[in-house]
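The values are calculated or read from the model by the stated rules, or taken from the named source; none is laboratory data. None of these values were measured; they are calculated from a predicted model. Here the Cβ is made from the backbone with ideal geometry for all residues, glycine too, and neighbour counts use every protein chain on show.
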Amino acid sequence: MFFQHVYDKTLAQASYVIGCQKAGVAAVIDPKRDVDTYLEIAQANKLRITHVFETHIHADFLTGSRELAALTGAELYLSAEGGSDWSYEFPHHPLRDGDVIMVGNLKIQVMHTPGHTPESISFLLTDTPASDKPVMIFTGDFVFVGDVGRPDLLEKAAGFKGTQEKGAEQMFESLKKFAALPDYVQVWPGHGSGSACGKALGAVPSSTVGYEKIANWAFRFANDKEGFINYLLTDQPEPPRYFAMMKKLNKVNRPLLTEVPRLKDVSDQIMELLRQGTPLVDTRDKAEFARGFIPGSLNIQGNNSFATWAGWFLSYDKPFVLLAAPDRHDDLMRKLMRIGLDHVLGYIPSTEPYTKAGGTLQQVNLIDANELRKLQEANNIQVVDLRGAVEYQSGHIQGADHVFVGDLPLCLERVSRTRPVIIHCQGGDRASIGYSLLAAHGYTNVRNFSGGINEWVNKGLPLTR
């Protein structure tokens, strides 16, 4: 048996290539959209991709299942569970609980495991030449290492009212199926630490059924359904705004993108594009952005969180421009295509095309912990904490107001335009996004405490709960 774990650290998303080397065939489970990764793996191992499986209709990334099928001729095998509201709207082989699919000598059995979503399925793998016992289970967003999938996304992100309690009840029942599996079965989940699909995902890539029954918090509530539901629905992180679009695009018949797009230089057009209101996303490091940025631009650093924050703030029906050096283009475009943000008009390599055309840069007004402490004593400022609600509740600066950065464009009335405003997050990345957003909306009274809670605590300054 061939097996390879493919991990996208930018979305903390796992996919899998499993193959029967004797038959020379392979299957991919939950592929990301830049599918050249799987083509290279198959070619290097002399395998032909014949099957593509999905565990559920994903909310956090745009799958590459249809792209991979278009390029290889592979067949799609997708869930038919959960009812008509959760049916895929393009041709595929429907899968139900108990179905068995053979990939060469590999036996893949379907388990319906609703909870995270109604149609969620897991795949139990048996390497039949070696044993008649299952060796692996691919759980998607059902069971993670140390956590289970959150059932509130359909309600909070996609607007399906009244689904989170039902989903939590289904999760409780699905875990009984999981617990009945042999302890030695390896658990390979769809996400790792950093994903918004749970609240306490472990950092290691895999586990076993037996270990999860010992260490996963969910099994402490095996005989307490009400306690399980309450714990599961409490303190989940804010679901990124783009999740609703992913739910739609992963279900419907959409245009395919079978290669990573190339960007064109729009330096000569940048002034006109800005006059037309075209969004400009500055992907530089926050320190470089602070030293000089194009007015109205949005600073989303091109790091591992780039796609997530782009999904919070960019529109799927409005083209935008990137400020990014050419050696970053492939990486950035992969991150964008993984969440379906395909409408990139082009790029400018730096701020120079703007300044050469007569534009004037702005600078971020920075502040450190000592200055903030002095301003606090004067008692005429507003401190705005841009972190998530759970972070804020766990400890914040005395008197700070909470406005999650993802909601900032919808909550501008909560930020003063008259008093001095100090914004911060944990370590500065979200605060740089927030500063650029506020500056673009005409705020001139804002200072960025870029060091954030990390600097505050390192200075020995107090937090309150």
- Condition test on Asp99, is it surrounded by fewer than 20 Cβ atoms within 10 Å (Cβ to Cβ) and without any contact (Cβ under 8 Å) to a residue 24 or more places away in the chain? yes
- Task: Could you pull out the residue among Gly159, Gly167, Gly194 that is closer than 20 Å to Ser207 by Cα and either out of contact with any strand residue (DSSP E or B) (no Cβ under 8 Å at 6 or more places or on another chain) or assigned to a strand (DSSP E or B) (or both)?
- Result: Gly194
- Query: So, of the residues in the stretch 441-463 that are in a loop (DSSP other than H, G, I, E, B), touching a strand residue (DSSP E or B) at 6+ places or on another chain (Cβ under 7 Å) and not aromatic (Phe, Trp, Tyr), which turns out to be farthest from Leu412 (Cα to Cα)?
  - Reply: Leu463
- Item | The listed residue being buried (at least 24 other Cβ atoms within 10 Å of the Cβ), within 25 Å of the chain's Cα centre (by Cα) and touching a residue at least 40 places away in the same chain (Cβ under 8 Å), out of Gly167, Gly159 | Gly167
- Task: Would you confirm whether any residue within the stretch 175-187 is touching a helix residue (DSSP H, G or I) at 6+ places or on another chain (Cβ under 9 Å) and under 19 Å from Ser79 (Cα atoms)?
- Result: yes
- Taking only pairs six or more apart or across chains, which ones have beta-carbon atoms under 6 Å, a first residue in the stretch 1-15 that is at positive phi and among the aliphatic types (A, V, I, L, M), and a second residue that is surrounded by 21 or more Cβ atoms within 10 Å (Cβ to Cβ) and assigned to a strand (DSSP E or B)? Ala12/His191
- Task: Would you confirm whether any residue within the stretch 247-270 is surrounded by fewer than 19 Cβ atoms within 10 Å (Cβ to Cβ), more than 24 Å from the chain's Cα centre (by Cα) and of a type in the set (Asp, Glu)?
- Result: yes
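For the stretch 35-65, which residues satisfy the criterion of being among the hydroxyl-bearing types (Ser, Thr, Tyr) and either buried (at least 22 other Cβ atoms within 10 Å of the Cβ) or in contact (Cβ under 8 Å) with a residue 60 or more places away in the chain (or both)?
Tyr38, Thr55, Thr63, Ser65 - these are the residues of the stretch 35-65 that are among the hydroxyl-bearing types (Ser, Thr, Tyr) and either buried (at least 22 other Cβ atoms within 10 Å of the Cβ) or in contact (Cβ under 8 Å) with a residue 60 or more places away in the chain (or both).
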- Note on the structure: Of the residues in the stretch 369-380 that are assigned to a helix (DSSP H, G or I) and loosely packed, with under 13 Cβ neighbours inside 10 Å, the one that is modelled with the lowest pLDDT is Ala378
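With the condition kept exactly as written, say whether any residue in the stretch 74-85 is in contact with a strand residue (DSSP E or B) (Cβ under 7 Å, 6 or more places away or on another chain), closer than 23 Å to Val260 by Cβ and touching a residue at least 24 places away in the same chain (Cβ under 8 Å).
Yes, the conditions are met somewhere in the stretch 74-85.
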- Message: Taking the condition of being within 20 Å of the chain's Cα centre (by Cα) and buried (at least 22 other Cβ atoms within 10 Å of the Cβ), how many residues in the stretch 416-427 meet it?
- Response: 1
- Task: Just need a number here: residues in the stretch 188-207 that are under 18 Å from Leu154 (Cα atoms) and among the hydrophobic types (A, V, I, L, M, F, W, C).
- Result: 2
- Within the stretch 57-71, restricting to residues that are of a type outside the set (Val, Ile, Thr) and assigned to a loop (DSSP other than H, G, I, E, B), the one that is farthest from Gly194 (Cα to Cα) is Gly64
- Task: Would you check if Val457 is without any contact (Cβ under 8 Å) to a residue 12 or more places away in the chain, of a type in the set (A, V, I, L, M) and farther than 25 Å from Thr308 by Cα?
- Result: yes
- Note on the structure: Result of the Cβ filter at 9 Å on the stretch 219-237, keeping first residues that are at positive phi and surrounded by 13 or more Cβ atoms within 10 Å (Cβ to Cβ) and partners that are outside any helix (DSSP H, G or I) and not aromatic (Phe, Trp, Tyr), at least 6 apart or interchain, is Asp235/Lys199
- Query: Which of (1) closer than 18 Å to Ser394 by Cα; (2) part of a helix (DSSP H, G or I) is the odd one out, the single condition Tyr435 does not satisfy?
  - Reply: (1)
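Go through the stretch 279-368 and tell me which strands (runs of 3 or more DSSP E), entirely inside it, have 2 or more residues that are touching a residue at least 40 places away in the same chain (Cβ under 8 Å) and in contact with a helix residue (DSSP H, G or I) (Cβ under 6 Å, 6 or more places away or on another chain).
On the way: elements: 280-282, 320-323, 344-348.
By residue number, no strands (runs of 3 or more DSSP E) qualify.
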- Message: Quick test of your reading of the structure: Ala290 fulfils all but one of (1) buried (at least 16 other Cβ atoms within 10 Å of the Cβ); (2) small (Gly, Ala, Ser); (3) farther than 30 Å from Phe449 by Cα. Name the failing condition by number.
- Response: (3)
- Note on the structure: Scanning the stretch 24-34 residue by residue, those in contact (Cβ under 8 Å) with a residue 60 or more places away in the chain and under 21 Å from Gly311 (Cβ atoms) turn out to be Asp30, Lys32, Arg33, Asp34
